[in-house]
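Structure first, commentary second.
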Amino acid sequence: MSPLKITTRDTATGPVLEILGDLDYEHANELRDLVDTLVLQPGQRLILDLADMDFCDSSGLTALIAAHQHALAAHADIALAAVPANTLRILRIVGLDQIFPVHPDSETAARNSRQSH
């Protein structure tokens, strides 16, 4: 198991969280806790960049859903970027690809803010 590391950077369209390591039962609350501290403005887009995420289990999916709910509560948007193939497959199986716009990278996700919903 890889420890979870989350780095945050701000862009013109909103914050980008780069998730590295395992988003699993042991670490998913770290993402939830961080997201809860984010102050999103209406119209912003929260981007979760998963390029360096090694693993995501059901607890990780729940943390992604919590991030989605946080963004919606702030009248903001959310998108996933660089989703690993195994995680994308799971998102499609459970239908979460229908609620999360998925982009090849965070720059594309930021550029397409509000166009995909």
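The values are calculated or read from the model by the stated rules, or taken from the named source; none is laboratory data. Remember, it's a predicted structure, so these values are computed and weren't measured experimentally. Positions of Cβ are backbone-derived with ideal geometry, glycine not excepted, and every protein chain shown enters the neighbour counts.
Residues that are touching a residue at least 12 places away in the same chain (Cβ under 8 Å) and part of a helix (DSSP H, G or I) were ranked within the stretch 92-106; the one that is surrounded by the fewest Cβ atoms within 10 Å (Cβ to Cβ) is Val94. The residues on offer are Glu18, Glu30, and the sole one that is outside any strand (DSSP E or B), crowded, with 16+ Cβ neighbours inside 10 Å and in contact with a strand residue (DSSP E or B) (Cβ under 8 Å, 6 or more places away or on another chain) is Glu30. So which of Thr37, Thr7, Thr11, Thr62 is in contact (Cβ under 8 Å) with a residue 60 or more places away in the chain, surrounded by fewer than 22 Cβ atoms within 10 Å (Cβ to Cβ) and of a type in the set (S, T, N, Q)? None of the others qualify; the one that does is Thr11. Just to be sure, is Ser59 small (Gly, Ala, Ser), more than 11 Å from the chain's Cα centre (by Cα) and over 19 Å from Ser2 (Cα atoms)? Judged against the criteria, Ser59 is not a match. Determine, yes or no, whether Gln69 is part of a helix (DSSP H, G or I), surrounded by fewer than 20 Cβ atoms within 10 Å (Cβ to Cβ) and either of a type in the set (Lys, Arg) or out of contact with any His (no Cβ under 8 Å at 6 or more places or on another chain) (or both). Yes: the conditions hold for Gln69.
Scoring Asn112 on the criteria (1) in contact with an Asp or Glu (Cβ under 9 Å, 6 or more places away or on another chain); (2) modelled with pLDDT under 95 leaves a single failure, condition (1).
Answer with yes or no whether Ala51 is within 16 Å of Thr13 (Cα to Cα), of a type in the set (Gly, Ala, Ser) and at pLDDT 95 or above.
Values: within 16 Å of Thr13 (Cα to Cα): no; of a type in the set (Gly, Ala, Ser): yes; at pLDDT 95 or above: yes.
It is false that Ala51 is within 16 Å of Thr13 (Cα to Cα), of a type in the set (Gly, Ala, Ser) and at pLDDT 95 or above.
The single condition from (1) of a type outside the set (Gly, Ala, Ser); (2) more than 15 Å from Leu20 (Cα to Cα); (3) surrounded by fewer than 22 Cβ atoms within 10 Å (Cβ to Cβ); (4) in contact (Cβ under 8 Å) with a residue 12 or more places away in the chain that Ile78 fails is (3).
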